[in-house]
Structure formats: structure tokens, C-alpha cells
Amino acid sequence: MDRRAYLQSLFLAPLAGSLIASSARAQDASTIDWTRLPSSYSYGRTEAEKQTDAELFAESYFREHELLTIAVLCDIILPGDHPNGGALDAGLPDFVEFMVKDRQQYKLPVRGGIAWLDNYALDNYGADFIHIEESQRLAICDAIAYPDVDTPELQPGIAFFSLMRNLTLTGYYTTEAGIRDLGYVGNRPNVWDGVPEAVLQKHGKQYDTEWLNKCVDQSRREITAEWDDDGNLIS
Amino acid sequence: MAQQQYDVIVVGSGAGGGMATYQLANAGLSVALVEAGDYYDPADEAQRTQLRWPWESPRRGASTRRRPFGDYNSCIGGWELDGEPYTNKDDTDFMWWRARMLGGRTNHWGRIALRFGPLDFHRRDIDGLGDNWPIGYEDVKPYYDRLDRLVGVYGSNEGLPNDPDGFFLPAPKPRLHELYYIDAARSLGVPVIPARKSILTKRINDERGVCFYCSQCSRACGIHADFSSSTVLIYPALRGGRVDLYSNAMVREVTTDDQGLATGVAYIDKETGQDAELRGRSVVLAASACSSARILLNSRSARHAQGLGNSNDHVGRYLHDSTGASRAAFIPELIDREIYNEDGTSGMHVYTPWWLEDQNLDFPRGYHLEIGGGMGMPSYGFGFAANQYNAFLGERVGGYGNGLRDDIRRFYGSRLSIACRGESIAQYDNRCELDPTVVDEWGIPVLRFDYHWTEHEINQARHMQDSMEALLEAAGGTVLGNKPGADQDYGLTKPGEIIHEVGTTRMGDDPATSVTNSFGQLHDARNVFVADGGTFVSQADKNPTWTILALAWRQADYLVEQMQQRNI
């Protein structure tokens with residue numbers, strides 16, 4: 001396939017699933033809702049891989065209560081009051097659920113972490129995490145969101161919150177909204193011709209002539225390469 | 001059933017097998033190409049992973065058992081294969097990577113294309129360790145020269161004594177973090193030059209496209225602007241009409257006659273589970289260093305009681321992989337960068353070749369440095385430990401809320417990393433052999449590894465750590481993590497982990513201490529050849545692919561000549 005036909009085929013390829021904006025907020029945890037992610041994908045898989053992924057999607061690991069707790073935590077870590085949307089808009093609870101099933105080593109830490117959180121909420125506020133006041137939830141998060149806290153009894157909560165923050169952020173920044181939020185502008189055909197001049201100046205860097213002489217002249221990239229007998233490029 | 005007899009049966013479709021197939025078919029020979037995995041074409045939409053966005057995968061590009069380098073990586077294979085175990089003897093911890101697809105591991109390699117230098121063929125003369133090759137740089141140079149022009153490699157002619165010049169395509173300009181590295185290296189007197197990679201920065205023919213800088217060679221290129229054996233060598237060979245491809249065909253053994261010469265191969269058709277045979281005047285094994293050794297060891301007969309080519313008990317011995325170590329730093333001057341597209345070509349645009357050849361060091365041989373960093377596309381793992389660098393700025397790590405967005409953006413692209421790849425010393429006792437009891441799902445005995453690093457490699461790793469630390473600090477970096485010490489062998493990678501394993505069927509002039517002659521032809525059976533890294537006597541600190549390709553081409557010329565002279 002030539003380059004033009006190949007690139008055209010890419011732009012015609014449908015996106016997996018669709019993202020529907022959600023305005024869900026966690027004020028009342030029992031009504032929390034989020035954008036649902038697709039439950040099947042097509043991206044160059046072998047038959048064995050398709051089978052494995054189908055089994056993962058079919059597997060039910062979390063209880064309803066656990067999923068709601070994950071959703072509330074995702075929403076706290078990356079709230080929706082932002083132009084690029086938050087964790088719930090990006091379907092993060094579905095992503096976290098999938099990754100925990102995909103990576104067996106996360107199963108117990110997440111289940112146990114939720115249980116720890118509920119026990120802590122019950123001890124301090126008289127109900128499990130999703131059934132206490134939002135201000136109380138945030139007070140707990142303030143206590144477990146910083147790894148430099150060395151209170152021994154908080155360590156399991158700190159470890160769990162770090163894991164949830166990692167999964168939430170990696171999930172968000174690998175969605176279309178997250179890529180936009182970050183400003184990443186690659187993953188598209190282009191012609192790299194070096195660091196922009198203004199950036200070079202800002203960083204006090206420059207390309208020296210000797211090095212540039214070894215670099216590609218992009219105006220001649222489509223001219224078929226020819227060399228002399230000593231290996232000097234002459235086209 | 002009467003069956004066609006091929007001129008050559010090539011086992012394995014990676015670098016060596018692809019080049020053998022291409023050259024032998026072009027010379028007019030009939031070729032059966034036997035591959036243990038499936039057909040693969042990155043331009044086929046059903047197999048494409050290039051230019052996909054992270055959200056097109058449910059795991060956002062995270063690794064899986066079947067794709068350990070991420071689920072957009074094009075290489076189907078890994079450290080563990082269903083139904084194909086291997087074992088380690090005693091406390092050996094060898095990691096064995098195998099690909100199962102057309103093109104083999106060339107779907108996976110970093111496209112780093114380094115020629116061996118003149119010194120690399122006779123290291124024993126220099127330091128008294130290991131053995132010399134039976135050939136020198138002058139024997140391989142003509143093939144490197146032709147290879148550069150046929151396949152394409154970007155780089156630069158530097159006139160360095162042991163990192164030879166070639167026929168290079170022009171290099172891509174360095175990225176910003178690479179300019180930081182260049183300044184750091186120069187301040188320490190460490191050389192730094194454009195990388196040498198088999199990526200087309202300029203057109204080389206009408207069949208293949210020119211790089212469009214997506215940085216995704218590891219996902220295989222739909223316009224074939226990078227080298228993989230399938231896209232560059234095998235498809236053209238298949239179009240020529242003299243090659244039959246047998247995919248999903250797992251070779252059990254090379255069959256031989258009562259004179260001890262090969263008659264073909266026996267294989268399992270993985271789709272039906274049935275045994276089958278192919279007949280050929282000659283056999284070229286290119287299944288990867290260890291897989292080819294395994295096939296030879298499993299090819300037992302009255303004439304070859306210890307396995308084909310193994311009358312001297314050398315098949316599987318002298319197995320050696322590159323050494324490796326890596327380190328990374330946070331570069332405060334790269335905080336709050338302007339964000340622009342710097343995907344570039346896959347991986348590094350600059351590198352440091354070994355620079356201390358004449359120094360009196362406490363280890364032999366050398367290593368090169370590969371540079372990493374930049375503003376790559378987020379995939380699974382991006383955002384983990386989002387604001388860990390706050391610790392270096394006197395600010396608090398952790399937290400939650402929209403402030404994390406600022407942290408993510410602030411630190412994006414502020415990391416500089418170095419990976420070292422060095423030369424180990426091939427050892428008689430480091431080997432793979434048949435496990436006495438374990439078989440794979442087809443009943444074929446599997447390999448057992450017995451491999452230990454020596455003080456040479458461990459001392460080299462210590463030097464790597466010192467070099468990396470000095471360079472990262474000179475770049476203004478705060479080095480991350482703890483410097484690994486003696487208790488961790490200075491961060492030395494496990495044997496096999498760098499996936500440069502070679503040496504198992506080494507070449508030599510003396511049939512008592514080598515498996516093949518200098519053309520990769522078995523001493524014990526003149527119509528059997530090895531075209532993969534198995535024939536390497538020593539591997540230099542140069543990634544082996546370019547030399548595998550050059551030697552396979554040289555071997556093909558020899559094989560054709562031998563057939564014309566009726567010696568085979």
C-alpha cells in the first residue's frame with residue numbers, strides 16, 4: 001500500500017466506542033454515574049488475544065459497592081469541573097475495573113484497599129466511605145493522599161490511594177480528553193526538522209553546523225539516495 | 001506422495017532467514033521458508049497497531065504476556081509462550097525471548113544498526129579472552145556496504161577506528177533532551193554522534209516509503225519505512241515466485257540420510273497438529289541462536305548420535321548476551337517545556353559509541369550508550385507517580401484534584417535516560433542444552449539454560465553506572481533512584497534480557513572447537529548452514545542484527561557457489 005492510501009485508510013478507521021460527556025458529580029454517591037467505555041475493541045489482535053480480552057470483559061470481579069467506591073475516588077482525584085472533563089467523563093471506573101482484572105496483582109490491593117477505607121470511615125464517621133458526607137470523604141483523602149505522612153496506621157490507606165491516583169491519571173491521560181489536556185500533538189504523519197528555534201533560544205541551545213551537515217535536508221527526502229564510492233551521499 | 005525437493009529449506013524468517021531467502025531466491029534457487037508463527041503484514045488493517053491512539057486499546061498499550069513490550073508492539077511472542085516452556089539449571093536466571101510470526105524478532109528490534117569494527121573480530125589477540133573470529137572486518141565489509149544500500153540505515157561517517165563508516169542516509173536532528181545530552185557528553189570529553197538506525201529518512205527505492213516520524217517502528221510500519229525482515233526481504237522474495245512459505249510450521253528436526261547429510265526437515269503443522277516433512281538439497285537454520293541449537297540437538301541419528309553438528313559437544317555452548325544497565329534523571333531545566341511534536345524516529349537520534357578502547361580498565365571490552373527521553377505519546381503508565389519530582393523542588397508529593405493536571409504538564413518531557421549495552425565474554429560453560437525430561441506440547445525436548453555472568457561483566461556494569469551518573473549530572477540532572485551496588489551486580493541485566501543472545505553454533509576453522517566454518521556451514525554436514533546469531537564467536541558491544549544480515553548474505557553467496565560447483 002502506498003503512503004497516501006495507507007494514511008487515508010487510517011483516517012477512515014472508526015474509533016473504538018464513543019465517549020458521551022457526563023456531568024455526574026459525587027455529591028450523592030449512590031447516584032454517581034459515568035461515561036461507559038466500550039466492551040470490545042479492534043486493534044490488530046490475534047485470535048488468542050481476542051479470546052483473552054473477551055474473557056476479561058466477561059469476568060465480573062467487583063461488587064456494585066466496590067465499583068461505586070472506585071467511581072467516587074476517581075472523581076475526587078480528577079473532578080469534572082474542568083473544560084477537559086474529569087475522571088467520570090473519561091469513563092475511568094470502567095478503565096480501572098478492566099485494568100484490575102487484566103493485572104492480577106491489583107485485585108487484592110484494590111479490594112482490600114476499599115475495605116480498609118470503609119473500615120476507616122466507619123470508625124471515624126459512622127458509615128462506609130460512599131455513605132458519609134463529602135466533606136468527611138475529603139478529610140480522609142487529605143489524610144491518605146500524601147506519601148510523606150508517616151503515621152503507621154494510615155500506611156495501607158496511603159498505598160491504596162497512590163495506586164488509585166496512578167490508575168486514574170494514567171487512564172485519563174490515555175483518553176482523547178487527557179491527550180488534549182496535556183497538549184500532546186504527535187501520533188500523526190509529519191516531517192521532523194528539529195527543535196523550534198524559539199525553544200532552542202529559551203534553553204540556550206543551538207545546532208552546530210558540523211552536526212547539521214550530517215542531518216537530513218527534508219526538501220530532498222523524496223529524492224532517491226545515491227552515494228559515491230566512499231559513502232558520501234550525493235543526491 | 002511424491003514431494004517437491006527444494007534447493008534450500010530456510011528455517012526461521014527473521015533477519016538471517018529473511019536475508020537467506022531473499023538472496024537465494026534471487027539467485028534462482030527454489031526455497032521453502034518455514035516459520036513457526038503466523039503470516040504478518042503491518043499494512044493489513046486487521047493487524048495494524050501503528051498510529052493508533054491509546055484509547056483504542058482497553059489496556060491503553062500496557063504490556064501483556066503475549067506482548068511484553070506493550071500491546072501495540074508488533075512482535076507476537078515474548079518471554080513465555082503457550083505450550084513452549086524452557087527451563088533454567090540450578091540458580092541460572094536466563095530470559096529467553098522468542099517471536100512467533102513472519103519476520104521474527106525484526107518486528108521488535110530497536111532498528112539500531114551497528115557494524116562490527118575491525119577490532120571486534122579478533123579480541124583474543126587484544127585481551128587474551130574468548131576467541132578470535134575466523135574472518136576479519138575486511139571479509140564482512142563488502143556485505144555491510146551492500147546491506148546499507150539495499151536495506152537503508154541512517155547515520156554519519158565519523159572516521160572512527162572501530163565504529164566503521166558506511167553508506168548512510170542522513171540523520172534526523174537531535175531533540176531537545178538530546179541537545180542537553182550532547183552538551184553534557186562534550187563537557188566530559190565523551191564522544192556523541194548521530195544514531196545509526198535502519199529507518200528511511202530518505203527514499204531508497206520505489207517500493208518503500210520515507211519515514212513520517214511517528215516514532216513507532218516497534219509497531220511495524222505500514223509504508224515499510226523501517227527494516228523488518230518480512231517487509232523488506234520476504235515480501236519481495238515471495239513476489240519472485242520461487243519461494244513457498246510454510247507458516248505455523250514448528251520444525252522438530254533436520255532429517256538426514258545414512259551418510260549424515262541433510263535430506264530436509266520434519267515439522268509440526270500447528271494448525272492441524274500433524275507431522276509433516278519437507279525435502280531439500282540443503283537446510284539453512286535461522287530460527288534464532290538458541291532455537292537453531294535446539295533443532296540441531298534434537299536432530300539425532302546413527303550418524304549424529306549427540307545431535308547434528310554436535311560431535312564435539314559444542315552446540316549450545318558459548319551462549320552470550322549483551323550486558324545492560326540503565327539510569328534516568330530529572331532535568332529541572334526541562335520543567336514547563338513548550339509542547340510541540342517531537343516524536344521523531346523511533347527511539348534515540350544520538351548515541352555514544354565506546355570511547356575508552358585504550359584505557360587500562362578493570363574489565364575487558366566496552367559498551368555504548370543509548371539516549372532516551374522526550375515528550376512521547378502517553379500510554380499505560382504515563383501519570384504514575386505524577387508529581388514525584390516535587391520532592392526535588394521542596395514541594396509536596398501526592399495529593400488529588402485538578403492541581404495534578406498542572407503537575408503532569410509541568411514535568412512532561414523533563415526526564416533524560418541512558419541505557420548501556422556492552423560486550424560480555426563468551427564462556428564455554430554458559431550454554432543451552434536439552435532438558436533431560438521436559439518437552440513442549442508437541443513432545444519435543446526443550447532447552448535448559450545454564451548461564452552465569454563473570455567478574456568481567458559485573459565490573460563493566462559498575463563502570464556503566466559511574467558513566468551514566470556522571471553524564472546525567474553533567475546534563476544538569478538529578479539522578480533518580482538509588483545507584484545499584486555490588487549486592488545487585490551494579491544493575492546488570494539478566495542474561496538473555498537484552499535479547500542479543502548469540503554464540504551457540506560458533507564459527508571457526510578448527511572443527512574440534514567450533515560448530516560451523518567461516519560461512520556458517522556445519523563441519524559435520526556440508527549441506528546444513530546456520531544463518532542466525534548462533535555463529536558469532538563474540539558479539540562486540542554492537543547490536544547483532546546488522547552483522548546477522550551481512551553474514552547471511554555472505555553465506556548465501558557461498559551456498560550458491562557451492563551448489564554451482566556441485567559440492568552440495
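So for region B:408-429 (the condition being surrounded by 15 or more Cβ atoms within 10 Å (Cβ to Cβ) and in contact with a Cys (Cβ under 8 Å, 6 or more places away or on another chain)), does at least one residue qualify?
Within region B:408-429, none of the residues are surrounded by 15 or more Cβ atoms within 10 Å (Cβ to Cβ) and in contact with a Cys (Cβ under 8 Å, 6 or more places away or on another chain).
Could you list, in sequence order, all residues of region B:347-367 that are in contact (Cβ under 8 Å) with a residue 40 or more places away in the chain, closer than 22 Å to B:Gln460 by Cα and open to solvent by 10 Å² or more (accessible area, probe 1.4 Å)?
B:Trp354, B:Trp355, B:Glu357, B:Leu361, B:Asp362, B:Phe363, B:Pro364, B:Arg365, listed by residue number.
Taking the residues in region B:145-172 that are outside any loop (DSSP other than H, G, I, E, B) and open to solvent by less than 10 Å² (accessible area, probe 1.4 Å) as candidates, determine which candidate is nearest to A:Ser235 (Cα to Cα).
By that ranking, first place goes to B:Leu169.
Going by what's in this entry, would B:Ala391 be described as open to solvent by less than 50 Å² (accessible area, probe 1.4 Å), on the phi < 0 side of the Ramachandran plot and small (Gly, Ala, Ser)?
Answer is no for this residue.
Filter region A:35-70 for residues that are among the acidic types (Asp, Glu), part of a helix (DSSP H, G or I) and open to solvent by less than 90 Å² (accessible area, probe 1.4 Å) and give the result.
Of everything in region A:35-70, those that are among the acidic types (Asp, Glu), part of a helix (DSSP H, G or I) and open to solvent by less than 90 Å² (accessible area, probe 1.4 Å) turn out to be A:Glu49, A:Asp53, A:Glu66.
Say whether the condition of being modelled with pLDDT of 95 or more, surrounded by 24 or more Cβ atoms within 10 Å (Cβ to Cβ) and closer than 29 Å to B:Gly61 by Cα is met by at least one residue in region B:233-243.
Within region B:233-243 (the criterion being modelled with pLDDT of 95 or more, surrounded by 24 or more Cβ atoms within 10 Å (Cβ to Cβ) and closer than 29 Å to B:Gly61 by Cα), the answer is yes, since at least one residue qualifies.
Answer yes if at least one residue in region B:318-332 is open to solvent by 40 Å² or more (accessible area, probe 1.4 Å) and in a loop (DSSP other than H, G, I, E, B), and no otherwise.
Within region B:318-332, not a single residue is open to solvent by 40 Å² or more (accessible area, probe 1.4 Å) and in a loop (DSSP other than H, G, I, E, B).
Report the residue count in region A:221-233 for those that are exposed (fewer than 14 other Cβ atoms within 10 Å of the Cβ) and either in contact with a Lys or Arg (Cβ under 6 Å, 6 or more places away or on another chain) or more than 7 Å from every other protein chain (Cβ to nearest Cβ) (or both).
The total comes to 7.
For residues that are touching a Pro at 6+ places or on another chain (Cβ under 7 Å) and over 18 Å from A:Trp192 (Cα atoms), scanning just region B:186-206, find the one that is most open to solvent (accessible area, probe 1.4 Å).
That would be B:Pro191.
Yes/no matrix, rows are residues, columns are (1) crowded, with 20+ Cβ neighbours inside 10 Å; (2) touching a Ser or Thr at 6+ places or on another chain (Cβ under 6 Å); (3) assigned to a strand (DSSP E or B):
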site: B:Leu51; (1), (2), (3): yes, no, no
site: B:Arg60; (1), (2), (3): yes, yes, no
site: B:Arg65; (1), (2), (3): no, no, no
site: B:Asp91; (1), (2), (3): no, no, no
site: B:Thr106; (1), (2), (3): yes, yes, no
site: B:Arg115; (1), (2), (3): yes, no, no
site: B:Leu129; (1), (2), (3): no, no, no
site: B:Pro142; (1), (2), (3): no, no, no
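Considering only residues that are open to solvent by 10 Å² or more (accessible area, probe 1.4 Å) and in contact with an Asp or Glu (Cβ under 9 Å, 6 or more places away or on another chain), which ones fall in region B:94-103?
Listed by number, the residues that qualify are B:Met95, B:Arg100.
Out of B:Gly344, B:Gly374, B:Gly398, which single residue is within 14 Å of another protein chain (Cβ to nearest Cβ), buried (at least 23 other Cβ atoms within 10 Å of the Cβ) and in contact with a Pro (Cβ under 6 Å, 6 or more places away or on another chain)?
B:Gly344
Could you tell me which residue of region B:42-66 is modelled with the lowest pLDDT, considering only residues that are under 20 Å from the mean Cα position of the chain (by Cα) and more than 8 Å from every other protein chain (Cβ to nearest Cβ)?
The selected residue is B:Pro42.
Out of everything in region B:173-217 that is assigned to a helix (DSSP H, G or I) and among the charged types (D, E, K, R), what residue ends up being nearest to the other protein chains (Cβ to nearest Cβ)?
Going through the qualifying residues, I end up with B:Asp183.
Can you find, within region B:527-568, the residue that is farthest from B:His368 (Cα to Cα) among those that are among the acidic types (Asp, Glu) and either in contact with a Leu (Cβ under 6 Å, 6 or more places away or on another chain) or open to solvent by 20 Å² or more (accessible area, probe 1.4 Å) (or both)?
B:Glu561
Inspect all residues belonging to region A:179-191 and state whether any of them is open to solvent by less than 20 Å² (accessible area, probe 1.4 Å), facing chain B (nearest Cβ under 7 Å), touching a residue at least 24 places away in the same chain (Cβ under 8 Å) and not hydroxyl-bearing (Ser, Thr, Tyr).
So far as region A:179-191 goes, yes, one or more of its residues are open to solvent by less than 20 Å² (accessible area, probe 1.4 Å), facing chain B (nearest Cβ under 7 Å), touching a residue at least 24 places away in the same chain (Cβ under 8 Å) and not hydroxyl-bearing (Ser, Thr, Tyr).
Suppose we filter B:Leu33, B:Leu81 for residues that are surrounded by fewer than 23 Cβ atoms within 10 Å (Cβ to Cβ) and either among the aliphatic types (A, V, I, L, M) or not in a loop (DSSP other than H, G, I, E, B) (or both); which single one remains?
Just a single option satisfies the conditions, and that option is B:Leu81.
Looking only at region B:1-30, filter to residues that are under 20 Å from the mean Cα position of the chain (by Cα) and assigned to a loop (DSSP other than H, G, I, E, B); which one of those is farthest from B:Pro236 (Cα to Cα)?
Going through the qualifying residues, I end up with B:Gly12.
Taking the conditions exactly as written (over 15 Å from the mean Cα position of the chain (by Cα), open to solvent by 30 Å² or more (accessible area, probe 1.4 Å), farther than 24 Å from B:Gly381 by Cα and within 14 Å of chain B (Cβ to nearest Cβ)), does A:Asp81 satisfy them or not?
Taking the combined requirement at face value, the residue satisfies it.
So, B:Phe212, is that one touching a Pro at 6+ places or on another chain (Cβ under 8 Å) and in contact (Cβ under 8 Å) with a residue 12 or more places away in the chain or not?
When the stated conditions are applied, B:Phe212 passes them.
In region A:199-216, which residues are facing chain B (nearest Cβ under 7 Å) and assigned to a loop (DSSP other than H, G, I, E, B)?
Residues satisfying the conditions are A:His203, A:Lys205, A:Tyr207, A:Lys214, A:Val216.
The values are calculated or read from the model by the stated rules, or taken from the named source; none is laboratory data. Since this is a predicted model, take the numbers as computed values, not measurements. With ideal geometry, Cβ positions are generated from the backbone for all residues, glycine too; neighbour counts draw on all protein chains shown. These accessible areas exclude ligands, DNA and RNA; they are computed on the full protein's heavy atoms, side chains included. Shrake-Rupley method; radii C 1.70, N 1.55, O 1.52, S 1.80 Å.
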